[in-house]
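Have a look at the structure below before the remarks.
The values are calculated or read from the model by the stated rules, or taken from the named source; none is laboratory data. Quick caveat: nothing in here was measured; it's all calculated off a predicted structure. Cβ sites come from the backbone with ideal geometry, for glycine too, and all protein chains shown count toward neighbours. Please note that ligands, DNA and RNA were not included when accessible areas were found on the heavy atoms of the full protein model with its side chains. Shrake-Rupley method; radii C 1.70, N 1.55, O 1.52, S 1.80 Å.
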Amino acid sequence: KIKNKNKRLKPTKYKILKRNKLRGKIKGTSLRPRLSVYRSNENIYAQIIDDRNIDNEGSKTLVSCSTLDRRIKLELKNTKTCEASELIGKKLAKLCLEKNITQIVFDRGPYLYHGRVKALADGARAGGLLF
């Protein structure tokens, strides 16, 4: 919480507040794990997370994929485009279906549902994931 609302926040602190606000509403379970997205200027990263892992108290990453993967980098000229994000979404959906994960909860993090984040979500839907 912010004590003084007139004080301007630094961008990193603002991102953390936005992420925590959204994360309070979205939790991944073993039946519907969470698809978490991280977007940098050069690359995009996505991972499927089970927040309520039975074995231990913390969360467990089930599947992950990014534009840093060697096979994906060879297919693309540029990793910061919407086409790259859509390819990551399809690749992630393929990996999820191999592990019998069909339904997920989408966690966009502090990013707007627009551009590369939306392209990743559309690619995951096209690959067969339901959310």
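The selection criterion, being in contact with a Ser or Thr (Cβ under 6 Å, 6 or more places away or on another chain) and assigned to a helix (DSSP H, G or I), does not hold for residue 74. Scanning the range 60-81 for residues that are open to solvent by 40 Å² or more (accessible area, probe 1.4 Å) and small (Gly, Ala, Ser) returns a single hit, 64. Scanning the range 97-124 for residues that are assigned to a helix (DSSP H, G or I) and either at pLDDT below 95 or in contact with a Phe, Trp or Tyr (Cβ under 8 Å, 6 or more places away or on another chain) (or both) yields 117, 121, 124.
Kindly provide the set of residues from the range 24-47 that are exposed (fewer than 15 other Cβ atoms within 10 Å of the Cβ) and either of a type in the set (Asp, Glu) or outside any loop (DSSP other than H, G, I, E, B) (or both), ordered by number. Listed by number, the residues that qualify are 38, 42. Restricted to the range 53-81, and to residues there that are at pLDDT below 90 and among the small types (Gly, Ala, Ser), the residue that is nearest to residue 127 (Cα to Cα) is 59. If the condition is being farther than 16 Å from residue 49 by Cβ and in contact (Cβ under 8 Å) with a residue 24 or more places away in the chain, then the range 90-101 contributes 90, 91, 94, 97.
Residues in the range 102-115 that are open to solvent by less than 20 Å² (accessible area, probe 1.4 Å) and in contact with a strand residue (DSSP E or B) (Cβ under 7 Å, 6 or more places away or on another chain) were compared, and the one that is nearest to residue 33 (Cα to Cα) is 104. For the range 37-44, check the following and say yes or no: at least one residue is over 13 Å from the mean Cα position of the chain (by Cα) and either more than 24 Å from residue 64 (Cα to Cα) or at pLDDT 75 or above (or both). Looking for residues that are over 13 Å from the mean Cα position of the chain (by Cα) and either more than 24 Å from residue 64 (Cα to Cα) or at pLDDT 75 or above (or both), one finds at least one in the range 37-44, hence yes.
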